[in-house]
Amino acid sequence: MSLMDTIKGAREEAAESVSLITRKKDEAEGAAASEAQSRKQAYSRASAAGAKPTREVAGTVRNAAEAEPTKEEKKAKREAKRTEDDERFDAQQVVLKQQPGYKRLTRIWWVLLGVGFAFSLGSFLIVHYLQSNASSPMANTLAAASMVMMVAAYLFIIGAFILDFVKIRPMRNAARDTVSGASRKRLRRIIDEDANSKK
């Protein structure tokens, strides 16, 4: 059996299955049409008041009852949303500062980051020095020191991220949860109490 015979057989088989499917579909449509026709004859005609659209309205179609807000209304709405977000952020910062240990952990985080970046900068400066003074008698020692400083830099920076993830972030999430459920009146009270305590 050649390739041409196989292709010819596949075409014939596909044509048979398509004709079988269309025949079944035509029979089903014919039965549905005759059933619908008999139902129409059995009942009286429905009023147009009960008619519903056959499909949903497109997303670009505007309803006349839903008037689009003016530019001023949109601007006022955005400004109100921005003001509320600012109040929530300020209240969250106040709640965070009131949590015990938050300031200390934040300072430790900054120190870890600063030391890590300082070690990284020192390592790059040593490498830059070694490129211009490769024949220096201390080249091997400086190269080893550069590697040690780079490893220490990575350790300090990774330690800072771990501290943030394990200790500081749960505090931030708790403060955000506390503030997110509060009303605007409660937010204002939190901010005002903090302002009064600073005086």
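The Cβ shell under 12 Å around F89 holds other residues with a net charge of -1, Lys and Arg each +1, Asp and Glu each -1. Grab the beta carbon distance between T178 and R82, set R0 = 22 Å, and tell me the FRET efficiency rounded to 0.05. Here the calculated transfer efficiency is 0.55.
Rounded, prolate or oblate: which one fits segment 69-134, using the alpha carbon gyration tensor with axes a ≥ b ≥ c (rounded when a/c is under 1.5, else prolate when a/b beats b/c, else oblate)? Because a/c hits 1.5 or more and a/b fails to exceed b/c, segment 69-134 counts as oblate. Modelled spin labels at L105 and A67, positioned 7 Å past Cα toward Cβ, are 5.2 nm from each other. A full extension of the chain between T6 and E29 corresponds to an added length of 4.8 nm, given 0.36 nm per residue minus the alpha carbon distance.
Radius of gyration (Cα atoms) of segment 82-198, expressed as a multiple of 2.2 N^0.38 Å: 1.63.
All of the numbers you see were taken from the coordinates with simple rules; none came from a lab. These numbers come from a predicted model, not from an experiment. Cβ atoms come from the backbone with ideal geometry, glycine included; neighbour counts cover every protein chain shown.
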